[in-house]
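Structure first, commentary second.
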Amino acid sequence: MTETTPGFDTRAIHAGQEPDAATGAVNVPIHQSSTFAQDAIGALRGGYEYGRAGNPTRTALQEQLAAIEGARHAFSFASGLAAEDALIRALLKPEDRIVIGNDVYGGTYRLIDRVLGPWGLRHQVVDMSDLAAVEETVTGGSTALVWVETPSNPMMTISDIAALAEIAHRAGALLVVDNTFASPSLQNPLALGADIVVHSTTKYIGGHSDVIGGAVMLDDDAAAEKIGFLQFAAGAVSAPLDAFLTTRGIKTLGVRMERHSENAQAIAEWLQGREGVKAVHYPGLPGHPGHQLAAAQMRGFGGMLSVSFTGGGEAARTVAESTRLFTLAESLGGVESLVNHPAQMTHASVQGTELAVGEDLLRLSVGLESLPDLLADLDQALSRL
Ligand code: PLP
């Protein structure tokens, strides 16, 4: 019999998830312990000594995360931004330069500009879907990292991961992909040539809006050692309960992403051409500029879309405050549908910068509810316009 790599759902359910050796419990226990007994000084049972350095529940999650992203190494952090911070500080030094997409998550920009800027990191912003502009910017100075989010938040711009990896590598830089919107179920950037993947596991990976977390996945052993050291030395690790909740979420990621994608596709098509709607941004629509590319580098178009209104900011606010099933809230990727006004909510920190988002835009995180109920809710909200 030849060895084949197990399918995505098999890896999601079984990687790192051996039944507990002591009891046979089929779920990895929540090892709610800050420290671990030593049989003699330095004689550790299973390699664990102190919870910041390692915890078996976190180890199980990290193995599962590596398996679903197809990476040799994965590190689980207390939040997506903690993961980003550790990755950048582990691999870069003051005076290094990072080139980031002009539509990255507002918090990522804030971290790079206002926290890591004073530390010495320099950054430049570019449209990652414009490969000629990226090439010019990346080669125009000594760039250490290129950072792309695809699909991007909130405009759903699709960027070519393989082409960006080539550009970055020609310039001696690494390519980081924030894969939060697609999730490892729909897109695996490492297989397309990227060097490092980051996730806010708060979103689809956790999937139930009940835990904040982040992850870094990569193949390179030397870079992994540096990230592992910073995770231990600076300490922004996942807590045991958070690790357990994330592990539980991952087991259903594949089926959830199928339903998220189905519901979002139907809603995007339904919104198109409706009175009061100016534009619908969803890569599953044939008219979306990134449709072909998304079809090639993703295995589904995902559950996120954004929509702008002819009535401007007032219309967007009216719809956001009129939905009943779509909860008005930050975040995304949970089983429940959410609506968000990026200009005043998730992207408020980048208003007035080149990453600013239009007031007329709403972002929808389409959940797993019954489609007719979601459509009825949007219909009654749009009827207020
Ligand atoms: N990356 C993306 C695409 C996000 O949407 C977010 C959060 O909204 C983050 C990173 C940051 O993750 P966290 O909120 O878990 O720190």
Problem set entry | Degrees separating the helix 253-271 axis from the principal Cα axis of the chain, which is the longest one | 10 degrees
Exercise. How many angstrom lie between the C-alpha centres of region 37-59 and region 132-147?
Worked result: 43 Å
For this session: Report residue 298's accessible area, 1.4 Å probe, all protein chains in place, as a number in Å² to the nearest 10.
Result: 10 Å²
Seminar exercise, completed: When the chain is treated as a Gaussian network with springs between alpha carbons less than 10 Å apart, the largest mean-square fluctuation among 47, 101, 120 is found at 47
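May I ask you to derive the FRET efficiency for residue 375 and residue 219 from their Cβ-Cβ distance with R0 = 41 Å, giving the value to the nearest 0.05?
Efficiency, from the Cβ-Cβ distance: 0.45.
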For this session: Could you work out which residue, out of 64, 265, 292, moves most in a Gaussian network model of the chain, that is, has the largest mean-square fluctuation with Cα springs under 10 Å?
Result: 292
Problem set entry | Bins of 10 Å, starting at 0 and running to the largest distance - Cα pair percent for the chain | 5, 23, 32, 24, 12, 3, 0, 0
Exercise. Per-residue HN-Hα couplings for region 340-347, Karplus 6.51 cos²θ - 1.76 cosθ + 1.60 at θ = phi - 60°, whole Hz, x for Gly and Pro?
Worked result: 9, 9, x, 4, 9, 10, 4, 10
Problem set entry | Full-extension gain in nm, residue 318 to residue 32, via 0.36 nm per residue minus C-alpha separation | 98.5 nm
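Restricting to DSSP loop positions (anything but H, G, I, E, B) with no more than 15 other Cβ atoms inside 10 Å of their own Cβ, which GluC sites (Glu not before Pro) remain in region 335-374?
Sparse-neighbourhood loop GluC sites (Glu not before Pro): 336, 354.
What's the extension gain from residue 232 to residue 95 if we count 0.36 nm per residue and subtract their Cα-Cα distance?
Numbers: separation 137, 0.36 × 137 = 49.32 nm, distance 2.43 nm.
Once the chain is fully extended between residue 232 and residue 95, it gains 46.9 nm.
May I ask you to list the trypsin sites (Lys or Arg not before Pro) in region 43-94 that are in a DSSP loop and have at most 10 other Cβ atoms within 10 Å of their Cβ? All intermediate terms of the calculation are to be shown ahead of the outcome.
Working: sites: 45, 52, 58, 72, 89; in loops: 45, 52, 72.
When the trypsin sites (Lys or Arg not before Pro) of region 43-94 are filtered for loop state and at most 10 Cβ neighbours within 10 Å, 45 remain.
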Exercise. Once label points are set 7 Å from the Cα along Cα→Cβ at both residue 53 and residue 124, what is their separation, rounded to one decimal in nm?
Worked result: 4.3 nm
Problem set entry | Debye, to nearest 20: dipole size of the chain, +1 on Lys, Arg Cβ, -1 on Asp, Glu Cβ | 480 debye
Exercise. How far apart, in nm, are the 7 Å Cα→Cβ label points at residue 162 and residue 139?
Worked result: 2.1 nm
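What FRET efficiency would be calculated for the residue pair residue 25, residue 241, taking the C-beta separation as r and a Förster radius of 22 Å, to the nearest 0.05? Before the final figure, lay out each step's value.
On the way: r = 16 Å, r/R0 = 0.72.
Computed FRET efficiency for residue 25 and residue 241 comes out at 0.90.
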Seminar exercise, completed: Rounded to a whole %, the carbon-and-sulfur portion of the accessible area of the chain at a 1.4 Å probe is 52 percent
Exercise. Which FRET efficiency value, to the nearest 0.05, is calculated for residue 266 and residue 170 with the Förster distance at 41 angstrom and r the Cβ-Cβ distance?
Worked result: 0.50
Problem set entry | Net charge contributed by nearby residues that have their C-beta within less than 9 Å of residue 249 (K/R +1, D/E -1) | +2
Seminar exercise, completed: In Å, the Kirkwood hydrodynamic radius from C-alpha pairs for region 241-385 sits at 15.8 Å
For this session: Springs between alpha-carbon atoms under 10 Å, Gaussian network over the chain: tell me which of 213, 287, 300 tops the mean-square fluctuations.
Result: 287
For this session: Give a quick list of GluC sites (Glu not before Pro) in region 221-280 that DSSP marks as loop, anything other than H, G, I, E or B, with at most 11 other Cβ atoms within 10 Å.
Result: 275
For this session: Rounded to whole Hz and in sequence order, give me ³J(HN,Hα) for region 172-177 from the Karplus expression 6.51 cos²θ - 1.76 cosθ + 1.60, θ = phi - 60°, writing x for Gly and Pro.
Result: x, 9, 9, 9, 9, 10
For this session: Please give the per residue accessible area of region 1-148, computed with a probe of 1.4 Å over protein heavy atoms only, in Å².
Result: 49 Å²
Seminar exercise, completed: Amide H neighbours of residue 305 at under 5 Å, excluding residues fewer than 5 places away on the same chain, with H built from the backbone geometry, are 364, 366
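The values are calculated or read from the model by the stated rules, or taken from the named source; none is laboratory data. Note that the structure is a prediction, hence the values are computed from the model and not measured. Heads up, the Cβs are rebuilt from the backbone with ideal geometry, glycines too, and the neighbour counts pull from every protein chain shown. Only protein heavy atoms, including side chains, enter the accessible area calculation; ligands, DNA and RNA are left aside. Shrake-Rupley method; radii C 1.70, N 1.55, O 1.52, S 1.80 Å.
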